[in-house]
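Beneath this line is the structure, given in structure tokens, with notes to follow.
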Amino acid sequence: MQTLDSLLVGLRAAGEHTRLRILALCARGELSVSELVKILGQSQPRVSRHLKVMVEAGLLERLPEGAQVFYRVSDEAMVSRLAQALVALIPASDAGLKRDFSRLQQVRDARAKQAQDYFQTVAESWDSIRSLYVPQRQVEAKLLEIIGTDPVDELLDIGTGTGRILEILAPRVGRGVGIDLSNDMLTVARSNIERGRYSNIHVRKGDMYRLPVEDGSVDLAVLHMVMHYSDYPLEVVREVARVLRGGGRLVVIDFGSHTEEKLRSEYQHHRLGFTDSEILQCFESAGLEYEQDIEQLVGDPLTVKFWQARQRQRLHTLNPALQAHK
Ligand SMILES: C[S@@+](CC[C@H](N)C(=O)[O-])C[C@H]1O[C@@H](n2cnc3c(N)ncnc32)[C@H](O)[C@@H]1O
């Protein structure tokens, strides 16, 4: 909750020329320290000092990603209102800020180029795998049909890759976070998200076995074409169960069990798809309730499966009868 003191801390942290510039820049997207150094034309220690104060005041969020750390305006409700109010008051016509924004555009162009170069190296293998099953737009249409119109506040896209699932679900969710282990993929996703029109989706570095997400905070988790990289699917599902809210859903989209050995030898798939009973057993062992009806899109030679489960309603308070025995 916002107190008078935390409001003062926020105002003091923002009350400096460079920090207002940083706020205006980070309000337009996530930026690393080195990118901010480039845009602001100040030394790294100086920029880092400003960032530290702003993070401590809750104005900015710090997102470590490999050797880099990205910063963005916090979306923690009260502080973000202060940050947004300040950003709205910053005159975009200021000559110094105009220079900052034009350097920001150069940083973005460089990122997009880096993302494109990397994606070029994987695109061919993705195309080759995609030729083995139904067109991707059919998979996406089926996912949208399955998600339906239930309200989703918090979406978690695990193994987000290019961020495609975040982008197609963005209009239906309050906030979407994509997690990926690969820094290169995160560069691609971030660049795609910046080009798109949604401000409610973000990506961050993380491992599906140790999601950087609080317990019981997610309404919908999606694992789209990621599980086949896992040697321990049950551990992944258990980790997802930890972060799901009571009633929250998990949708796993992956290949049914197959014999295309080249996906293992050439494309590093750890598993050649899954049988229904393997995945349902994982759901059961992780304490999730699962759908018996499994949607699928039959392709040649690969079939895409949609396995769905829900977290049971959690008991938030201890039963008073049990409390009496404590
Ligand atoms: C085939 S891509 C799928 C991307 C995305 N889900 C989509 O629908 O386009 C698999 C992604 O899983 C990521 N990945 C693999 N192992 C992971 C792990 N342990 N934790 C998080 N992401 C992982 C890879 O970096 C890659 O971006």
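Within the range 192-235, which residues are acidic (Asp, Glu) and either more than 23 Å from Gln311 (Cβ to Cβ) or not assigned by TED's automatic domain parsing to the domain that holds Asp254 (or both)? Break it down into steps so the answer makes sense when it comes.
Looking only at the range 192-235, we keep the residues that are acidic (Asp, Glu), and these are 194, 207, 214-215, 219, 231, 235.
Within the range 192-235, Glu194, Asp231 qualify.
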Checked the range 111-133 for anything within 14 Å of the ligand (Cβ to nearest atom) and not polar (S, T, N, Q); matches are Ala115, Tyr118, Phe119, Val122, Ala123, Glu124, Trp126, Asp127, Ile129, Arg130, Leu132, Tyr133
Note: among Asp150, Asp207, just one is within 11 Å of the ligand (Cβ to nearest atom) and not hydrophobic (A, V, I, L, M, F, W, C), namely Asp207
Exercise. Take Leu181 and decide whether it is open to solvent by less than 30 Å² (accessible area, probe 1.4 Å) and not charged (D, E, K, R).
Key: no
Q. What do you reckon, is Leu20 more than 26 Å from the chain's Cα centre (by Cα) and buried (at least 17 other Cβ atoms within 10 Å of the Cβ)?
A. yes
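Taking the residues in the range 159-171 that are outside any loop (DSSP other than H, G, I, E, B) and within 16 Å of the ligand (Cβ to nearest atom) as candidates, determine which candidate is most open to solvent (accessible area, probe 1.4 Å). Quick ask: steps written out before the conclusion?
Let us first name the residues in the range 159-171 that are outside any loop (DSSP other than H, G, I, E, B), namely 164-171.
After this cut, where a residue has to be within 16 Å of the ligand (Cβ to nearest atom) as well, the list is 164-170.
Values: Arg164: 103, Ile165: 9, Leu166: 0, Glu167: 46, Ile168: 28, Leu169: 1, Ala170: 3 Å².
If we take residues in the range 159-171 being outside any loop (DSSP other than H, G, I, E, B) and within 16 Å of the ligand (Cβ to nearest atom), then Arg164 is most open to solvent (accessible area, probe 1.4 Å).
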Among helices (runs of 4 or more DSSP H) completely within the range 189-293, the ones holding 2 or more residues that are of a type in the set (Val, Ile, Thr) and more than 13 Å from the chain's Cα centre (by Cα) are 233-243
Filtering the range 294-313 down to residues that are part of a loop (DSSP other than H, G, I, E, B) and open to solvent by 90 Å² or more (accessible area, probe 1.4 Å) yields Asp300, Arg312, Gln313
Exception for Gly216 within (1) open to solvent by 20 Å² or more (accessible area, probe 1.4 Å); (2) at pLDDT 95 or above; (3) of a type outside the set (A, V, I, L, M, F, W, C); (4) within 30 Å of Ala123 (Cβ to Cβ) falls at (4)
Leu181 fails exactly one of (1) within 22 Å of Gln68 (Cβ to Cβ); (2) more than 10 Å from the ligand (Cβ to nearest atom); (3) of a type in the set (A, V, I, L, M), namely (2)
Of Val69, Val134, the only residue that is touching a helix residue (DSSP H, G or I) at 6+ places or on another chain (Cβ under 8 Å) and modelled with pLDDT of 90 or more is Val69
Selection over the range 222-253 where residues are within 10 Å of the ligand (Cβ to nearest atom), closer than 12 Å to Glu278 by Cβ and surrounded by 23 or more Cβ atoms within 10 Å (Cβ to Cβ) yields a count of 1
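When the residues of the range 126-158 are filtered to those that are acidic (Asp, Glu) and closer than 20 Å to Gly256 by Cβ, which remaining residue is surrounded by the most Cβ atoms within 10 Å (Cβ to Cβ)?
Going through the qualifying residues, I end up with Glu140.
The values are calculated or read from the model by the stated rules, or taken from the named source; none is laboratory data. Note that this is a predicted model, so its numbers are computed, not measured. All Cβ positions, glycine included, derive from the backbone under ideal geometry; neighbour counts span all protein chains shown. For accessibility, only protein heavy atoms count, side chains too; no ligands or nucleic acids. Shrake-Rupley method; radii C 1.70, N 1.55, O 1.52, S 1.80 Å.
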